[in-house]
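The values are calculated or read from the model by the stated rules, or taken from the named source; none is laboratory data. Predicted, not measured: the structure shown is a model, and the values here were computed from it. Cβ coordinates were reconstructed from backbone atoms using ideal geometry, including for glycine residues, and neighbour counts include every protein chain displayed. Ligands, DNA and RNA are excluded from the accessible area calculation, which covers all protein heavy atoms including side chains. Shrake-Rupley method; radii C 1.70, N 1.55, O 1.52, S 1.80 Å.
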2 protein chains.
Amino acid sequence: MAQKPRIPKGTRDFSPEQVAKRNYIFNTIRNSFERFGFQPIETPSMELLSTLTGKYGEEGDRLIFKIFPRGQKLRPLLASLNLTSDILKEEIGIDKPSHELSSETLDAMSNVLVSSISEEALRYDLTVPFARYVAQHQNEIEFPFKRYQMQPVWRADRPQKGRFREFYQCDADVVGSKSLWQDVEFVQLYDDVFTALKLVGVTIKLNNRKILSGIAEVIGAEDKLIDFTVALDKLDKIGEEKVKEEMLSKDIPQDGIKKLQPLFDLSGSFESQINSLKTILGASKEGLKGVEELEFINTAISNLELKSATLELDVTLARGLEYYTGTILEVSAPKSVQMGSIGGGGRYDDLTGVFGLKNVSGVGISFGLDRIYLVLEALNFFPETVSKNTDVLFINFGEAEALFSLKAIKELRQNNIKAELYPEAVKTKKQMIYANKRNIPFVVLVGDEELKSNTYTLKNMSSGEQFKVSLKELISKVK
Amino acid sequence: MAQKPRIPKGTRDFSPEQVAKRNYIFNTIRNSFERFGFQPIETPSMELLSTLTGKYGEEGDRLIFKIFPRGQKLRPLLASLNLTSDILKEEIGIDKPSHELSSETLDAMSNVLVSSISEEALRYDLTVPFARYVAQHQNEIEFPFKRYQMQPVWRADRPQKGRFREFYQCDADVVGSKSLWQDVEFVQLYDDVFTALKLVGVTIKLNNRKILSGIAEVIGAEDKLIDFTVALDKLDKIGEEKVKEEMLSKDIPQDGIKKLQPLFDLSGSFESQINSLKTILGASKEGLKGVEELEFINTAISNLELKSATLELDVTLARGLEYYTGTILEVSAPKSVQMGSIGGGGRYDDLTGVFGLKNVSGVGISFGLDRIYLVLEALNFFPETVSKNTDVLFINFGEAEALFSLKAIKELRQNNIKAELYPEAVKTKKQMIYANKRNIPFVVLVGDEELKSNTYTLKNMSSGEQFKVSLKELISKVK
């Protein structure tokens, strides 16, 4: 019986048109990465499970796709089937027979079991493999190392609209330099890519981890930095009052929250906000350092000028707070599209420490391919020619005509024209319908007469016009 | 404690230089595919396990990388730990306690266990996912459908020199047409790609499944087609006598083997071999049909002319006999390199039948990326500029100079020049060494004097020459 053809949940097939549109975005990003001096690397889809676990938090670990070992790796497990409950008992400390256990306990046991027999897993992001790469190849690399990487990652997430189990990440990072010029360049790089995509009107939001630490310090909530920033991050969504309520509920002192008032009232230009922050953070050395860094980046960008994006200070921006240590960046789609973030990044210290290479500071950004795709689609911003496939189809009238046509096709291809012959000498109408459905702009008809006179009848499929042309004319008309 | 950074066996990291060289091959192939009218599709890395199993033979099934389901999928297994031996007993028919079982039995049990809890697997090749895609999207596709696909595949093979667990396949196929013009085009396509790669001297070997069936028929070994072709396929390696011995040992009749003599004596041009085959296969309708197909392709190719490859008839060629039904193709690297096949393909019927779409004939070819890479490397055929990264590095002398430099860099990038600033104002010597190690051909020095005179000192790193230039001159010199 035939199988019903389908694919796993959360994965996608891409049609020729979709591939062409995705490649348009990939190529634009790649072109900018390379003009900015970034070099490509690629890492394997599979990493050792031990390379990945413990790097993405508990939830992240759960979402790593583990791979089955080859058959013989399961032998010890099977050979000890009677022992298994004891092993699990030791690991998790339970001594009921397995059919009496709750599903939570069974899940915990599952994880132990999986970890004990799986050794490899699919890449969860590009950052950890990059850190592993840098540590592993440190002797072949010239630092500072500017690398880019555009590869798929996999997450065993619950599939939902716009969230997939396999998706591409496009990352550029520099490691081995603390220079703020790099942070400046990443702002330029975002501007460069989105300008090249003709996506005018994006906002590049800038913040600095040190600002957030500084604020927490001056309001006496240093030990509550995460609670504080999580609440602050919601300002856009839930408004000032609710943010204050949430902070209060997290035991951030009332008088500290009062000190925050100037922060809620921040407005005006980048410069005037910087000046307010200097006042607010006067008592925090770290906070002032953060202000200084923001100021450096803003001054440089003002001098260098962005092509189409706007740089904005956003003290509520806190993405990836766990590992960012300086600059925090996020890009918002133009306001006409409801999409949220289409890219983000920041500066981190000690990326590679866990792999034995200490003191490597880095900064990097990422582009959200799927969301950029949706934005370009929503705004109808893909170039009209992006999914143009074949330029010209030769109608097949029989063996002699086909051979004559293939000789011309060879010349056309030599001239970089995408040309093909309809493979069978079926009814002309059927071949014309095919050309139409595939949006092929030109067809060539070679019949008896053309064969004798060594000419070609060229038909423009949109205007319906027909011309009798020589091969040379054909090439120049279709090109 | 720090983890030792390493990757799974049989997988690879690719350095910037390797990525550049691989992309050179990919881009060349893609360019030919598109000029020949093929359109790209992409399928997910993961397919349902049921889509893949049973398509690659028993050995293939074993080599499919299975993916662990999310935690809760293991619950039933764990909850029934005491039952498991019974389940396995039912499935495999054994009733010893598991610790008394042989490793073969344990392997068989492993497979049952894995299949019972794993539902997804990594793509093993591009052909089955393509068949699944065509059946699934048949209503969106215009037939004949010319698609190409360049994506990684995974095999849990024992890693060895030149054999990897993750590697790319580059396939082009046409489905929905039985026209032999397609087979002709694939010969041209191979020629086009290898000519574009400047890999002169490849041989395209051509055979036809019907020839092999015909020969088996005339020597009375129709029921031993596989044994017969496996033996014949070894002619190059083990010679005529050993081939005959092997056939005899497989119960192919002595007088049948005698009838093969003209086959062993085949030589001369494509045409003269065709004539011998007509004699040998006179009694086989199917065999003569195969000869006719070979002749059609050879006549067309003689008329159209290949650019650099040679087309050869090879009646011993039998690759993928299980599914090829007509044309069989294989490409050999130039004789100066010991590499064997660098590509292959053929015509098949009923590719999509298993997914419920009957009567779809197809023909396709594949390029062996890793081997082509090794051949180009061995012959030193990669273009010198292939891994050229940054064109020009600006030396960093301090804040004002850096800002001045970044303004110039912005202009250079606008002119498609790959330019970067050394991020820190460290000693000039260190920056120069960096430029040297990265093979950057030009550096620009902007010091106090240049800043005042609005000029740039451009240094050619290979000749050591230095010029003082304007921005406009800089752009034209570096471009």
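Brief remarks follow.
- Residues of segment A:28-39 satisfying the condition of being open to solvent by 20 Å² or more (accessible area, probe 1.4 Å) and facing another protein chain (nearest Cβ under 7 Å): A:E34, A:R35, A:Q39
- Test: B:Q160 is open to solvent by 40 Å² or more (accessible area, probe 1.4 Å) and without any contact (Cβ under 8 Å) to a residue 60 or more places away in the chain: yes
- Selection count where residues are among the aromatic types (F, W, Y) and farther than 12 Å from B:Y373 by Cα, scope segment B:10-34: 2
- Single match in A:V184, A:V193 (criterion: farther than 25 Å from A:D350 by Cα, within 14 Å of chain B (Cβ to nearest Cβ) and aliphatic (A, V, I, L, M)): A:V193
- Number of the condition not met by A:L403 [criteria: (1) in contact with a Phe, Trp or Tyr (Cβ under 8 Å, 6 or more places away or on another chain); (2) open to solvent by less than 40 Å² (accessible area, probe 1.4 Å); (3) outside the structural domain of A:G176 (by TED's automatic domain parsing)]: (1)
- Looking across segment A:113-168 at every residue that is more than 9 Å from every other protein chain (Cβ to nearest Cβ) and acidic (D, E), the one that is nearest to A:G362 (Cα to Cα) is identified as A:D125.
- Here A:S284 meets each of (1) open to solvent by 30 Å² or more (accessible area, probe 1.4 Å); (2) away from chain B (no Cβ under 14 Å) with one exception, condition (1).
- Among the candidates B:G268, B:G282, B:G256, residue that is modelled with pLDDT under 90 and assigned to a loop (DSSP other than H, G, I, E, B): B:G268
Conditions tested, residue by residue: (1) of a type outside the set (S, T, Y); (2) surrounded by fewer than 18 Cβ atoms within 10 Å (Cβ to Cβ); (3) within 11 Å of chain B (Cβ to nearest Cβ).
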site	(1), (2), (3)
A:T390	no, no, yes
A:L393	yes, no, yes
A:N396	yes, no, yes
A:K407	yes, yes, yes
A:K418	yes, no, yes
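- Once segment A:353-378 is narrowed to residues that are aliphatic (A, V, I, L, M) and within 14 Å of chain B (Cβ to nearest Cβ), the residue that is surrounded by the fewest Cβ atoms within 10 Å (Cβ to Cβ) is A:V354.
Okay, residues lined up against (1) at pLDDT 90 or above; (2) assigned to a loop (DSSP other than H, G, I, E, B):
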{"site": "B:C170", "(1), (2)": "yes, no"}
{"site": "B:Q182", "(1), (2)": "yes, no"}
{"site": "B:D191", "(1), (2)": "yes, no"}
{"site": "B:K198", "(1), (2)": "yes, yes"}
{"site": "B:G201", "(1), (2)": "yes, yes"}
{"site": "B:N207", "(1), (2)": "yes, no"}
{"site": "B:A216", "(1), (2)": "yes, no"}
{"site": "B:T229", "(1), (2)": "no, no"}
{"site": "B:E246", "(1), (2)": "yes, no"}
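- Residue match in segment A:80-89 (condition: outside any helix (DSSP H, G or I), out of contact with any Gly (no Cβ under 8 Å at 6 or more places or on another chain) and modelled with pLDDT under 95): yes
- For segment B:424-439, the set of residues classified as facing another protein chain (nearest Cβ under 7 Å) and either in a helix (DSSP H, G or I) or under 21 Å from A:R30 (Cα atoms) (or both) consists of B:Y434, B:K437, B:R438, listed by residue number.
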